[in-house]
Amino acid sequence: MDKNQINGLLRPKSVAVIGASTTPGKIGYSVVDNLIKGGYAGTIYPINPNATELLGLKVYPTITDVPGKIDSAIVTVPAKLLPAVTEECGKKGVKGLIVITSGFSEVGNKALEDEMVTIAKSYNMRILGPNIVGSLSNSDKFNGSFAPFLPFAGKSSLISQSGALLIALDAATYTRKVGFDKLISIGNMSDVDFADLVEWLDDDQDTTCISLYIEGLKKGRAFIEAAQKSKKPIIALKSGVSAHGAAAAASHTGSLAGAAKVYGSAFRQAGVIQAADLNDLFNRTQALSLQAPMKGENLLIVTNGGGVGVLATDAAERYGLPLQFAPQDVQDELKKHMPEFGSAKNPVDLTGMAGNEWYYDSVKFAISHKWTDGLIVLYCETAMTNPMEIAHSIKKAVADSKVVETPITVSFVGGEKSDAAMAYLVENGIPAFGAPDLAVNAMAALHEFYVLHAKKADFTFKSNSKARELSVEIIAKARAEGRDSLTEIEAKEVFSAYGLLVTNTSLAKSEDEAVALAKKVGFPVVMKIVSPEILHKSDAGGVKVNIKDEAAVRDAYKTILSNAKTYKAEANIHGIAIQEMAPWGTECILGSVNDPSFGPTVMFGLGGIFVEVLKDVTFRVAPVSEDQAEEMLGEIKGAPILKGVRGESPRDRKALAETIVKYSTMIMDLQDEIKETDANPVLVYEEGKGLKVVDARIILKAK
Ligand code: COA
């Protein structure tokens with residue numbers, strides 16, 4: 001990322017508006033008007049060959065006629081003019097273009113978009129957009145957009161892939177009292193993308209929290225790498241999680257890798273906090289931009305109402321911050337600021353008699369105590385108290401405590417007076433919400449930030465070049481035969497090159513060979529059809545297990561061949577695989593997809609009904625470290641089964657975690673070749689006894 005060029009683009013000292021219309025109501029007119037009304041202190045150069053003056057400013061026929069230097073050019077002329085306009089900007093030495101104009105790749109006109117970017121690159125210019133609202137920065141009083149005003153001032157910055165949503169959110173920042181410094185519309189992301197802006201905002205001194213509205217990442221891996229390096233909290237609302245890539249998947253894993261799962265895992269790995277919806281994006285952003293992270297799990301709740309206290313307690317459990325009783329010394333002190341019938345346990349109930357002083361004393365004490373990792377203050381509007389005075393007491397208590405490292409969130413439940421009191425709190429840096437569960441959710445975001453930040457994934461990768469070489473050869477042979485998948489035997493050769501423990505499997509091309517191989521492997525054996533055209537072997541009647549003697553081998557050989565021919569007469573049959581029959585263990589599944597945005601992604605879950613019906617699986621963008629692999633084992637719903645339930649001994653989780661790591665190396669190494677893989681089932685034995693990959697599937701990338 002060229003920081004200097006992006007600074008020029010988004011925090012310009014001088015700006016040209018190309019297509020500065022003299023007709024009020026047109027976008028080119030609004031942009032100039034907004035720049036002036038926003039109070040922009042830099043120089044504005046309206047450009048329009050058909051005008052001489054606009055809103056008191058001299059208009060230039062072309063950008064090359066402007067005498068001074070220009071950092072950024074906002075473009076509001078029709079799409080077909082963009083190549084010529086970009087060329088002129090390049091000649092003028094502009095640092096970047098904010099292209100508001102629509103009519104590019106979003107309507108199938110990718111060639112025009114590419115042409116514009118190519119010209120821009122030849123002059124080392126950056127392009128934001130096209131198809132955007134523009135870019136706004138409160139600290140520069142720069143409204144380079146057709147959104148009518150700068151947002152309610154604050155410390156978060158938002159990047160939005162939807163322009164209309166950005167305008168709507170801009171207005172909502174005032175009613176919600178959630179403050180932003182920058183609002184950046186990113187549109188088609190022809191050049192500047194989320195990764196560039198996350199990196200840039202991470203260095204921006206006016207931004208404390210980065211909020212994202214994402215529809216789809218073009219370069220997911222670049223994004224998570226930028227997010228992973230960021231020091232600031234990043235919160236993302238991802239839309240369109242319901243239909244993604246699941247259609248037409250050839251592997252089990254492919255059909256399970258929906259956007260919600262893959263994006264969710266990638267975000268967690270990169271330390272990105274998620275928002276459930278727009279409200280959540282606002283609420284969590286408010287807390288993340290105003291308060292410090294919550295560094296432990298000791299949450300203290302102070303309230304004047306039992307009901308809101310219980311609601312907050314329930315929410316705390318729901319958001320993974322279950323309440324503990326406060327230590328005795330905390331309880332003893334708090335007891336002094338409540339009537340006899342109050343409760344100093346947690347939640348601390350000051351009762352409906354609580355007035356300004358009790359709130360002041362208990363908040364000041366609670367936030368200063370070393371036990372408290374996070375403080376939530378609740379207030380129900382009562383006839384005897386004044387919400388604004390309570391708000392003043394809370395704000396003064398926090399200020400007097402001089403504590404900034406312990407986060408606080410507040411909820412006032414009541415009418416207009418409570419709303420006004422909360423607005424006052426927010427303006428003074430204390431997040432406040434109209435319902436107790438929202439205050440808890442906001443605190444949970446502060447805790448999530450701390451936890452995710454501490455265990456961000458490391459995406460550095462070490463190839464297994466020897467295994468890669470061997471695998472590429474096997475794959476080349478399959479491709480030479482015109483195949484788009486490997487046979488089970490070939491897939492197992494690739495797996496074992498990467499150190500995965502697969503069942504001993506050999507190919508028999510005749511009945512006699514089958515008998516000889518079965519004797520060598522040792523009875524009982526498993527026999528499976530080997531045909532590139534038959535991927536679902538059991539459905540074709542192509543699998544026989546527990547074959548105990550020679551006669552049974554001969555029998556199975558004939559039956560499998562005849563079943564396969566009935567299933568698919570034209571199938572090209574390589575032979576029949578003779579396989580050791582692995583002792584039964586806990587059935588797991590491993591797999592991978594090559595996600596269009598994030599690249600190689602590993603899946604893990606328990607097999608059988610857990611994957612078929614419950615879809616109890618988890619994903620990680622590769623490469624996966626051993627720590628991450630262990631986390632995967634712990635986060636599926638069936639995790640207790642691996643730990644050993646009902647007297648069963650624990651499974652060999654170490655072997656499983658090591659296998660996931662090797663699997664991730666394999667799919668990273670072969671990402672140009674492989675589309676999807678499955679290892680299903682993987683039979684996992686008792687601790688110390690390892691595992692066996694019983695079946696293997698590799699689907700190749702189309703070339
Ligand atoms: N350089 C500078 N100005 C030029 C020019 C040039 N080479 N050629 C024409 N102009 C002037 C025009 O004379 C006009 O000014 P005028 O109204 O004073 O005559 C002005 O530029 C605008 O051109 P016009 O042809 O009138 O376009 P328009 O205003 O109808 O539409 C866009 C232009 C960019 C707004 C339109 O093409 C568009 O893309 N709209 C959608 C934008 C959008 O919604 N984006 C966000 C999506 S979230």
Notebook entry, point to check: If you scan region 192-215, which residues turn out to be open to solvent by 20 Å² or more (accessible area, probe 1.4 Å) and over 20 Å from the mean Cα position of the chain (by Cα)?
Noted result: Asp203, Gln205, Asp206
Margin query: Can you name every one of the helices (runs of 4 or more DSSP H) wholly within region 259-368 that holds 2 or more residues which are surrounded by fewer than 17 Cβ atoms within 10 Å (Cβ to Cβ)?
Written below: 278-290, 306-318, 328-335, 356-368
Item checked: Failed item, numbered, when Thr43 is tested on (1) in contact (Cβ under 8 Å) with a residue 12 or more places away in the chain; (2) surrounded by fewer than 19 Cβ atoms within 10 Å (Cβ to Cβ); (3) under 30 Å from Gly216 (Cβ atoms) -> (3)
Next item on the list: Starting from region 59-76, keep only residues that are in contact (Cβ under 8 Å) with a residue 40 or more places away in the chain and of a type in the set (Ser, Thr, Tyr), then list their pairs with residues that are part of a loop (DSSP other than H, G, I, E, B) and within 11 Å of the ligand (Cβ to nearest atom) whose Cβ atoms are within a distance under 7 Å, requiring at least 6 positions of separation or different chains.
Entry: Thr76/Gly19; Thr76/Ile100; Thr76/Thr101
Checklist line | Residue that is farthest from the ligand (Cβ to nearest atom), among those in region 124-168 that are surrounded by fewer than 24 Cβ atoms within 10 Å (Cβ to Cβ) and assigned to a helix (DSSP H, G or I) | finding: Ser139
Item checked: Filtered residues of region 473-488 (kept if out of contact with any strand residue (DSSP E or B) (no Cβ under 8 Å at 6 or more places or on another chain) and at pLDDT 95 or above) -> Glu473, Ile474, Ala476, Lys477, Ala480
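Looking only at region 111-123, filter to residues that are among the small types (Gly, Ala, Ser) and open to solvent by 70 Å² or more (accessible area, probe 1.4 Å); which one of those is nearest to the ligand (Cβ to nearest atom)? Walk me through how you get there before you give the answer.
Residues of region 111-123 that are among the small types (Gly, Ala, Ser), as a first pass: 111, 120, 122.
Cutting the leftovers down to open to solvent by 70 Å² or more (accessible area, probe 1.4 Å) gives us 111, 122.
Details: Ala111: 17, Ser122: 20 Å.
By that ranking, first place goes to Ala111.
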Notebook entry, point to check: Is there a residue being surrounded by fewer than 12 Cβ atoms within 10 Å (Cβ to Cβ), at pLDDT 95 or above and under 23 Å from Ala702 (Cβ atoms) anywhere in region 454-472?
Noted result: yes
Next item on the list: Identify all residues within region 588-613 that are open to solvent by less than 10 Å² (accessible area, probe 1.4 Å), outside any strand (DSSP E or B) and in contact with a Pro (Cβ under 9 Å, 6 or more places away or on another chain); write none if there are none.
Entry: Gly607
Next item on the list: Enumerate the helices (runs of 4 or more DSSP H) found wholly within region 1-110, keeping only those where 2 or more residues are within 15 Å of the ligand (Cβ to nearest atom).
Entry: 27-38, 82-92
Next item on the list: Scan region 180-195 and give yes if some residue there is farther than 24 Å from Ala227 by Cα and within 16 Å of the ligand (Cβ to nearest atom), otherwise no.
Entry: no
Next item on the list: For Glu673, indicate whether it is within 26 Å of Pro524 (Cβ to Cβ) and open to solvent by 10 Å² or more (accessible area, probe 1.4 Å).
Entry: no
Item checked: Condition broken by Glu513, with the remaining ones in (1) over 26 Å from Lys689 (Cβ atoms); (2) in contact with a helix residue (DSSP H, G or I) (Cβ under 6 Å, 6 or more places away or on another chain); (3) of a type outside the set (A, V, I, L, M, F, W, C); (4) open to solvent by 50 Å² or more (accessible area, probe 1.4 Å) satisfied -> (2)
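Give me the helices (runs of 4 or more DSSP H) completely within region 614-680, filtered to those with at least 1 residues that are of a type in the set (Val, Ile, Thr), ordered by residue number. Working first, answer last.
On the way: elements: 626-635, 639-643, 653-669.
By residue number, 639-643, 653-669.
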Next item on the list: Pairs only if they're at least six apart or on different chains, beta carbon under 7 angstrom, first in region 343-365 and closer than 12 Å to Leu375 by Cβ, second part of a loop (DSSP other than H, G, I, E, B) and open to solvent by 50 Å² or more (accessible area, probe 1.4 Å); list them, first residue then second.
Entry: Asn346/Gln324; Asn346/Phe325
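The values are calculated or read from the model by the stated rules, or taken from the named source; none is laboratory data. Quick caveat: nothing in here was measured; it's all calculated off a predicted structure. So basically every Cβ, Gly included, is an ideal-geometry build from the backbone, and we count neighbours across all protein chains shown. For accessibility, only protein heavy atoms count, side chains too; no ligands or nucleic acids. Shrake-Rupley method; radii C 1.70, N 1.55, O 1.52, S 1.80 Å.
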